[in-house]
Amino acid sequence: MKAGSTTVSAILLAAGEAKRMGKLKQLMPLGGTTILEQTIDNLLGSRVSEVIVVLGHKAEEIRGKIATRPIKIIVNPNYHQGMGTSIAAGLKLVDSGAQAVMLALGDQPFVDSPTINRLIEEFQNHDKGIAIPTYQGRRGHPLIFSIKYKAPLSRLKGDIGGREIIKKHPEDILEVAVDCEGIIIDIDAMPPVHLDT
């Protein structure tokens, strides 16, 4: 995308069962809120034009915690089949005027709004169709895809997410260095004590 204002719809993937964590990760406490609520609020505080939350495992329990926020919610009945089905579900609700789609993970509450904004700004100031944040050379999330990738994104299978498209289009990738370790933090690997501080 060239300079100007790019309309970016965020799809927040929060349908998983958190098998590694062993409990409902989305609603685990984080400060005075929960992991998923903080992740949603970071997106709502950014320049994304809308936030679409894809639920699956224990969808109604989670919906009850987040439904008062200005978001769109869709339940993916096929979440057992992997992240690809959740991406496809979220794409159904993307605004027709969106120029790009951000794929964000429901368990990344430490990706703050300024980092999200930096990713959007860099994306709109370059002519690449895929933007990936990096921290100290390591790629992380969220990812931005030009709307031209909507069809291949909607056909993704299994749990590979956008990696298949990224692998096929290395020439169309913009890496954006950010000063936010949150883009690579794996909540599943963190000691529980960290989540309550």
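The values are calculated or read from the model by the stated rules, or taken from the named source; none is laboratory data. The model shown is predicted, which means the values in this text are computed figures rather than measured ones. Remember, those area values only see protein heavy atoms, side chains included, never the ligands or the DNA or RNA. Shrake-Rupley method; radii C 1.70, N 1.55, O 1.52, S 1.80 Å.
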Percentage relative contact order, the chain, counting C-alpha pairs under 8 Å, at least six apart:
27
Accessible area per residue in Å² at 1.4 Å probe, computed on the chain
47
For the chain, what is the percent of antiparallel DSSP beta bridges, rounded to the nearest 5?
30
Beta bridges per DSSP with both ends in segment 9-125, % antiparallel, nearest 5:
10
Considering only protein heavy atoms and a probe of 1.4 Å, how much of the accessible area of segment 86-129 is carbon and sulfur, as a whole percent?
44
CD proxy at 222 nm, helix term only [per DSSP H run n ≥ 4: -39500 (n - 2.57); per residue of the chain; nearest 500]:
-7000 deg cm²/dmol
Taking Rh as the Kirkwood radius, which is the inverse of the mean 1/r over Cα pairs, what is the Rg/Rh value for segment 111-182?
0.96
Per q in 0.07, 0.18, 0.19 1/Å, what log10 I(q)/I(0) does a Debye calculation on the alpha-carbon atoms of the chain return?
-0.18, -1.30, -1.46
Pick from Leu174, Leu24, Leu13: which is most flexible by mean-square fluctuation in a GNM of the chain where alpha carbon atoms under 10 Å apart are linked?
Leu24
